[in-house]
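The values are calculated or read from the model by the stated rules, or taken from the named source; none is laboratory data. From a predicted model like this one, the values you see are computed outputs, not experimental measurements. Ideal geometry is used to build each Cβ from the backbone, glycine not excepted, and the neighbour counts take in all protein chains shown.
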Amino acid sequence: MRWSWQVAKVAGIPVRVHATFALFIIWIFVASLTGGQGLGRAAQGSGTILAIFACVVLHELGHALTARRFGVKTRDITLLPIGGVARLERIPEKPFQEIAIALAGPAVNVVIAASLAPIVLPVLGRVSAPSAVGYLVTWFPARIFFVNVMLVLFNLIPAFPMDGGRVLRAALATRLDYVRATQIAAGVGQGIALLFGLGGLLNGEPMLLFIALFVFIGATQESAAVQMRSVFTGVPVTRAMIRDFRTLRPEDPLSRAVDLLLEGHQQDFPVLGARPGEPPLGILTRTDLLKALAEGRTDRPVGDATRRNCGTAHPRDLLEDVFRRMEEGGCPAIPVVGDDGEIVGMVTLENVGELAMVRAALDRGRARDPGAPPR
């Protein structure tokens, strides 16, 4: 995720902090100071926020470690002002696995709340309701107890990207096609987001509006991502690769890449190996080319700006696997290498997106005309 930095690694999983989360902590601290609460109270407020997000990290680790038991790796955990996100490399194959992974996060918060309950509940039970509210606001154990209870309730709302939405999708997937189950669950999530938004407008609560926007976008993105992956199922790379392309050599100057870019033929260029018969060195992307040019030298060799972490694809590879690798590595293009070691094509995100649009249009056409020939 862009604008995030790794701050730790837990159980082999990178934990990252998004810039907005760091700004949120700073805002809490400054708001406490300017509100006349003093340095000590400001530090205490920021410390409470950090403790809450420690609970969020444990919540996400619950997802990640449960996913690991089913053979699903977690790319990273990113802290955002509205919570945490554990990015799994793939969706679990079986619905019950997704249910287990989704419920593992709230289960961690249940454990934390249950461990604090013997300390907090007896105290709250001995005081009046207004005093109990005061304890929840000012007493650290009560505050963390309350937050974990709310995390459980909030995450079990049946709306993407919360855990309840994933449980709903998995439950529907036991009886429906996975894409259709996702569409229904996403629709429910969008409906709940609209209710949140309406509540925020009527009550003047900007946080509810923010949550509504987050839930609506998350539900929309999840539905689109699953639909796109379903389009690629069983499709070989040869169906999407570009066969008319230009290559560069590592010793070519960047000015040569500029000339090819300005021709408008392509934006990313496979870079050949240093010697004949060697595998491709990598890909020179338009972004990397412009970044190198901004440093002021067009005579630098192409090899200095080549991205080498994208690997290659084979014509018989499945497009869904190659697309996932491109997403994980942030690669806009990957060279396709045949059995003889020669580059025979190139897969780009742009062409993959165009293939998805074409196949989706064909599916809509067949839905209107069942007698149409298969794609």
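Taking every residue in segment 335-346 that is in the same structural domain as ASP244 (by TED's automatic domain parsing) and pairing it with any residue that is among the aromatic types (Phe, Trp, Tyr) and in a strand (DSSP E or B), at least 6 positions away or on another chain, the pairs with Cβ-Cβ distances below 9 Å are MET346/PHE269.
Among the numbered conditions (1) surrounded by fewer than 21 Cβ atoms within 10 Å (Cβ to Cβ); (2) not in a helix (DSSP H, G or I), the only one that LEU198 does not meet is (2).
Note on segment 125-148: residues that are under 29 Å from the mean Cα position of the chain (by Cα) and touching a residue at least 60 places away in the same chain (Cβ under 8 Å) total 3. Counting only residues that are touching a residue at least 24 places away in the same chain (Cβ under 8 Å), part of a loop (DSSP other than H, G, I, E, B) and in contact with a helix residue (DSSP H, G or I) (Cβ under 7 Å, 6 or more places away or on another chain), segment 220-248 holds 3 of them. Taking the listed residues PRO253, PRO206, PRO236, the one that is surrounded by fewer than 18 Cβ atoms within 10 Å (Cβ to Cβ), in contact with a Ser or Thr (Cβ under 8 Å, 6 or more places away or on another chain) and of a type outside the set (Gly, Ala, Ser) is PRO253, with no other qualifying. Could you go through segment 190-207 and let me know if any residue there is acidic (Asp, Glu) and closer than 24 Å to ALA225 by Cα. Scanning segment 190-207 turns up no residue that is acidic (Asp, Glu) and closer than 24 Å to ALA225 by Cα. Against the condition part of a helix (DSSP H, G or I) and under 24 Å from the mean Cα position of the chain (by Cα), how does LEU151 come out, does it pass? Against the criterion (part of a helix (DSSP H, G or I) and under 24 Å from the mean Cα position of the chain (by Cα)), LEU151 qualifies. A search for C-beta distances below 8 Å between a residue of segment 260-271 that is outside the structural domain of ASP304 (by TED's automatic domain parsing) and any residue that is acidic (Asp, Glu) and surrounded by fewer than 24 Cβ atoms within 10 Å (Cβ to Cβ), counting only pairs 6+ apart in sequence or on different chains, returns nothing. A search for C-beta distances below 7 Å between a residue of segment 88-109 that is within 24 Å of ALA51 (Cα to Cα) and in the same structural domain as HIS59 (by TED's automatic domain parsing) and any residue that is β-branched (Val, Ile, Thr) and surrounded by fewer than 23 Cβ atoms within 10 Å (Cβ to Cβ), counting only pairs 6+ apart in sequence or on different chains, returns ILE101/THR66; ALA102/VAL167; LEU103/VAL167; ALA104/THR66; PRO106/VAL152; ASN109/VAL152. When segment 162-193 is limited to residues that are part of a loop (DSSP other than H, G, I, E, B) and surrounded by fewer than 19 Cβ atoms within 10 Å (Cβ to Cβ), the one that is modelled with the lowest pLDDT turns out to be ASP177. In this structure, ARG307 does not qualify as surrounded by fewer than 19 Cβ atoms within 10 Å (Cβ to Cβ) and among the charged types (D, E, K, R). The residue pairs whose first member lies in segment 275-288 and is of a type in the set (Asp, Glu), whose second member is outside any loop (DSSP other than H, G, I, E, B), and whose beta carbons are closer than 9 Å, counting only pairs six or more residues apart or on different chains, are ASP288/ALA305; ASP288/ARG307. Of all residue pairs spaced 6 or more apart or on separate chains, those with beta-carbon atoms under 7 Å, a first member in segment 149-176 that is over 17 Å from ILE217 (Cα atoms) and a second member that is surrounded by fewer than 17 Cβ atoms within 10 Å (Cβ to Cβ) are VAL152/VAL110; LEU172/ILE184.
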